[in-house]
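As structure tokens, the structure follows; a few thoughts come after it.
All of the numbers you see were taken from the coordinates with simple rules; none came from a lab. Please read all numbers here as calculations on a predicted model, not as lab measurements. We place every Cβ from the backbone using ideal geometry, glycine too, and count neighbours over all the protein chains shown.
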Amino acid sequence: MKEGKALIETGFNLENSYSGLPEKFFAMQRPSHVPSPKLVMLNYPLIKSLGLNAEELQSTDGVDILAGNKIPEGAMPIAQAYAGHQFGHFTMLGDGRAVLIGEHITPLGERVDIQLKGSGRTPYSRGGDGKASLGPMLREYIISEAMNALGIPTTRSLAVVTTGESIMRETQLPGAILTRVAASHIRVGTFQYASKWSTIEELRALADYTLQRHFQEVKDKENPYLLLLQQVIRNQAELIAKWQLVGFIHGVMNTDNITISGETIDYGPCAFMDAYDPSTVFSSIDIHGRYAYGNQPNIGAWDLTRFAEALLPLLHTDENEALKLAQKEVSHFADLYKNNWIRGMRAKLGIFNEEVADEALIEELLSIMQKYGADYTNTFRILTSGKIEDNILFGKEEFDKWYKRWQERLTRQEESEISSRELMERSNPAVIPRNHRVEEALEAAVNQGDYRVMERLLDALSKPYDHSRELDYYTTLPETSTCPYRTYCGT
Ligand code: AMP
Ligand code: MG
């Protein structure tokens, strides 16, 4: 087959506008050839919404495209350059194990990045092998699709192929490539890279490109770069509030993992919290709790301050004025975040209208949950179903008092009890990707080659707000919670 044929048959309609940026923002890079690609996961609903052809993607040629062995004509694969603060330390990064095949234009005219993750070395690989192993790529697939179903902006997972190679980590592991779909891969770190190593014209080119790609409505307004900062701050405040509301812990909120589009990206050591505790950390390398659950909003503000710093030369010709403008915008983050969070928490408790004391009501519930180690998701699920006797808080004096106050609060609004319950059902997931269920699915897939456990899990996660399904299997906690769950970056 000519490479070009794939373009028509698979439905890929690829451009590469990013390569119109100055050369220092990317490197031309074909994915490495892999010996024997095999398709193990394909996301049918996503394929459909992107206007791709599932049958063709499963054919030998289609799988070769998903493995990086064939490049659709018109595509111009690149690795993107970026920098970032990793655990607070600034460093040069870039796509060290990923290649952007191109931007696919969907039937609705949307532009999305198609990226192969785990596709071999690039000029930004430093000491790494550029590869990824199967477990972590399947994990990203599960969690990103769960996040999407939860209504949280995220990159998506189109497919996973195994490569036929074994790659060296602590042991030999099967190599794999994930096809990731994203609104774009422009990161806070991309701007930090431009700010540190490029001219102001190059920085402006990146900012203009970003405005064109994500914020067209403000690009022709006065001081569009200030509006860019404002929008990114708003999107992140909204995003991080959504994470907090479902108990999601990203695990590596380094500035290179913070997108400008407002999508969640890079599912490394992320996990969902079980028992409510703001100090929860899963990542094995996060020894100081920098990225603990309760610290995510603060880190969001820290990361956005780095973004604002990178934009300074564009905000005003006078340095002091630029600084003042940036500081003002960044200072709004805390309130923006808080407003989103309280709005979401009210909804989780079935509250429509606003009372000043709502915040105290919410905080009190959380502190009772923390005191008794109540499961975060299940507590809200049980409050939604009304079967509170199923919760460990039931019968505890503080909780009973709180419950009474909450019930009284619900009477001080016009909406009916039914509307209130419906609001709670829409706002409290019945099912989340619980760590032991994710591990079980990965174990079966990676060690047994059995993907049925993962398929069943994905099915449960695809309708998280459907409280009528029989989902006990996915809502029960692990039997032994003696050893804390650990997640790893070394993927
Ligand atoms: P991540 O932890 O996926 O956000 O990656 C952080 C940085 O390390 C990015 O620049 C990656 O491209 C790079 N990186 C991660 N794993 C590898 C690898 N196996 N080979 C080369 N670069 C890698
Ligand atoms: Mg990353």
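Summary of computed values
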quantity	calculated
Paramagnetic reach from residue 111 in the stretch 45-61 [backbone N under 19 Å; point 7 Å along Cα→Cβ]	50-51
Karplus 3J(HN,Hα) series, Hz, for the stretch 317-325 with 6.51 cos²θ - 1.76 cosθ + 1.60 (x for Gly, Pro)	6, 8, 4, 5, 4, 4, 4, 4, 4
Sorted by Cβ neighbour density within 10 Å, fewest at the top, the residues 446, 218, 188	218, 446, 188
Inter-probe distance in nm under a simple model that places probes 7 Å from Cα toward Cβ, at residue 324 and residue 15	4.0 nm
Long-range amide H partners of residue 102 with built H, under 5 Å	114
Pairs from 221/328; 338/371; 348/387; 348/371; 196/328; 131/463 whose Cα-Cα separation, in the structure shown, is over 25 Å	131/463
Cα centroid separation - the stretch 91-113 against the stretch 322-371, whole Å	34 Å
Additional length obtainable on full extension of the chain from residue 390 to residue 125, 0.36 nm per residue less Cα span	90.4 nm
Paramagnetic label zone (point 7 Å from Cα along Cα-to-C-beta, residue 91; backbone N under 17 Å) in the stretch 268-285	268-269, 284-285
At 0.692 mPa s and 37 °C, Stokes D of the chain from Kirkwood alpha-carbon radius, µm² per second	139 µm²/s
Label-point gap, in nm, between residue 448 and residue 397 - each point 7 angstrom along Cα→Cβ	4.9 nm
Estimated distance in nm for a label pair at residue 287 and residue 170, the labels positioned 7 Å out from Cα along Cα-to-Cβ	1.7 nm
Long-range amide H partners of residue 119 with built H, under 5 Å	98, 99
Residue-span extension gain [residue 364 to residue 217] - 0.36 nm each, minus C-alpha spacing	48.8 nm
Net length gained if the chain between residue 411 and residue 23 were fully extended (0.36 nm per residue, minus Cα distance)	133.5 nm
Nearest 10 degrees, 0 to 90: helix 417-427 Cα axis against the chain principal axis	30 degrees
